[in-house]
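What follows is one structure encoded as structure tokens, with my remarks underneath.
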Amino acid sequence: MSSPQKGLVELPDSHQRAVMLGDPGYHRDPAEVFSHLRRTYGPVAPVLLDGQVPAWLVLGHRELTQVTTDTRLFARNVGRWRLRDQIPADWPVWPMVGGGPAGESLLYTEGAEHRQRAGAVSRALAGIDPVEFRAQCESHAEDLVESVAHSGRAELMAQYALLLPVMVMGWALGVPAKENRDLVAAFTDQVAGGDRALAGHQHIRRTMQALVQRVRERPSADAASRLAADPVGLNDEQLCQDLIVTILAGHQTTAYWMGNAIYRMVTDPRHTDAFIRGRLAVSQALREVLWDDTPTQIFAGRWTSRPAHLGHVTIPAGDLVMLGLAAANTDPHLRPEPGVGVRGSRAYLSYSHGPHSCPDPARDLAEAIVTAGIEVLLDRLPDLHLACSPEQVRWQRSVWMRGLECLPVNFTPTPPTTRYAGGTPWI
């Protein structure tokens, strides 16, 4: 599974035979790659990124909790990376590993600055009215389903799961609706990490720069305006970067969570029972998807501030450490029986853990979007079934995320519905 491509840096002995993340085997079955790494190396494994750039992947639930809790030893500022200056600016992985000036993005700040900026984002998101937000989720979901319900078939990633989160989060942040489809394409390009990753990142950046200009000149009741007005006093670049983090994280993870849930609903009898037959509440069934098929597979990064003993290895100072969230969720020490869920437990690490984990208001918004999306879909199209064999379904070629490239389904066509627009209805 190693790559023959020429390396960008000199490999240390610890990584001479390391697995390349993102090769065909990884895209075909990342869970098997994680299992292979766990069997070979234990809870922490040497791995390679594009260009044979070395990193350490944390696979164990306990070890990942240690990394995300000890922010002094496993620090967040990309400026600590000893290889940073050796890697070219056009490295396609940079947008996902902290490219740009150190400390520029909320994700790569530390200490008091991180607490202040993360707090500002949390306050801005907490200001979204949950009742109005849920109504937006349901309204947009109904519109999207209505657009395909008459045909009896749909491609639920492009026509539903990838659109709903950006429509709702765009409304919450104040992004013009006309930007939705171009943003979806840019998000996908950045996360895929291929030739268009940097172009995708630049498109997202330009869109958020325009939003920054608008909220500075004409603030309104949206979350971006609240973030701009927060007492923490973000400058324009910080505001732009923190809006990028907010909309990208809110979109990709939510869209792929929804897609993975629908896929399991139409292919896995256990999840079919949970969703369609009401064995569990939709929200509970969705949490089982986070355990079994979390959208965020790997998250980068942390950098060791000094030599660190973790699992069975000692990681040198200044090395890149990556969070294997999906692997930790299936850690056999936590779940000895493969495929058996942890009913009612929220110990999954899909949102990461510790001071740099996803803020609670963002988690609530993501769950609201996916729950509404699944409920509306089941209500309008209750006999969904996959339009191809499961083996024909294609997954995104991303190291970081597990999400479907397409999800073709068939169902019984339904006539257009009449949406109640107010007033006194005839009885």
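Being part of a helix (DSSP H, G or I), farther than 26 Å from Arg218 by Cβ, small (Gly, Ala, Ser) and under 16 Å from the mean Cα position of the chain (by Cα) is true for just one of Ala199, Ala158, Ala185. Which residue is that?
Ala185
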If Thr109 satisfies all but one of (1) more than 21 Å from the chain's Cα centre (by Cα); (2) within 29 Å of Gly193 (Cα to Cα), what's the number of the condition it fails? (1)
Here's a check for you: in segment 223-247, which residue that is under 13 Å from Ser105 (Cα atoms) and touching a Lys or Arg at 6+ places or on another chain (Cβ under 9 Å) is surrounded by the most Cβ atoms within 10 Å (Cβ to Cβ)? Asp242
Any residue at all in segment 99-112 that is more than 24 Å from Asn235 (Cα to Cα) and loosely packed, with under 15 Cβ neighbours inside 10 Å? no
Can you run down the residue pairs with Cβ atoms below 9 Å, 6 or more apart or on separate chains, where the first is in segment 368-397 and of a type in the set (Phe, Trp, Tyr) and the partner is surrounded by 20 or more Cβ atoms within 10 Å (Cβ to Cβ)? Trp395/Pro30; Trp395/Arg402; Trp395/Gly403; Trp395/Leu404
Failed condition for Arg82, given (1) surrounded by 14 or more Cβ atoms within 10 Å (Cβ to Cβ); (2) not in a loop (DSSP other than H, G, I, E, B), with all others met? (2)
What are the residues in segment 180-222 that are acidic (Asp, Glu) and either buried (at least 19 other Cβ atoms within 10 Å of the Cβ) or in contact with a His (Cβ under 8 Å, 6 or more places away or on another chain) (or both), if any? Asp182, Asp189, Asp222
Restricting to segment 148-179, name every residue that is of a type in the set (Phe, Trp, Tyr) and surrounded by fewer than 22 Cβ atoms within 10 Å (Cβ to Cβ). Trp171
Only one of Met265, Met258 is assigned to a helix (DSSP H, G or I), at pLDDT 95 or above and crowded, with 18+ Cβ neighbours inside 10 Å, namely Met258
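The values are calculated or read from the model by the stated rules, or taken from the named source; none is laboratory data. All figures in this text were calculated on a predicted structure; none of them were measured in a lab. Positions of Cβ are backbone-derived with ideal geometry, glycine not excepted, and every protein chain shown enters the neighbour counts.
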